[in-house]
Amino acid sequence: MRYLILFIFMIGLLLASCGVQKNIDAPDQTVKLEKEAAVEDSVEYELIILDGRFETFLAMQPSASFHTQSYYEGWNKRYVTEWNIRHSNPLRYGDFYQTRIEYHPDRNNYGLELNYRLYYYFQFIEQEYGIRLIRRRGN
């Protein structure tokens, strides 16, 4: 009886381990814009980046006021468009672009801080992983 329980337990572990598969080639690059709770008709957004090295990288960049919000929005539109194209074509670009970024500055005001963080996230990807998302002058 004890061996039967042990055998069933081992089969359960085997089946559970077969179902767990992790891709070790692509780091977890989840980028997400989430709405925060609405307070008095205002909506705040939060940018979630799951790469622990990003905060260190961001701390070494100029302050958010270095450029205007419209500057960050202009670049972010281009970066997000290219990111989402790559996300939609994993056979061509691989599985690095695992999450689609929903970014609509024409409909939503994300604010200076979020636009700043998103812009530098793309800079981080280019510098840290050597991935050129869009061609800029001089590149």
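Here are the numbers for the structure shown:
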item: Full-stretch length increase - Gln98, His67 - with 0.36 nm per residue and alpha-carbon distance subtracted; result: 8.3 nm
item: Order of Thr99, Thr68 - criterion: other Cβ atoms within 10 Å of each residue's Cβ, fewest first; result: Thr68, Thr99
item: Calculated FRET efficiency for the pair Asn89/Leu58, C-beta based, R₀ 22 Å, to 0.05; result: 0.20
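Values in this text are rule-based calculations from the coordinates and carry no lab data. Small disclaimer: the values here were computed from a predicted structure and weren't measured. Using ideal geometry, Cβ is built from the backbone for each residue, glycine included, and neighbour counts are taken over all protein chains shown.
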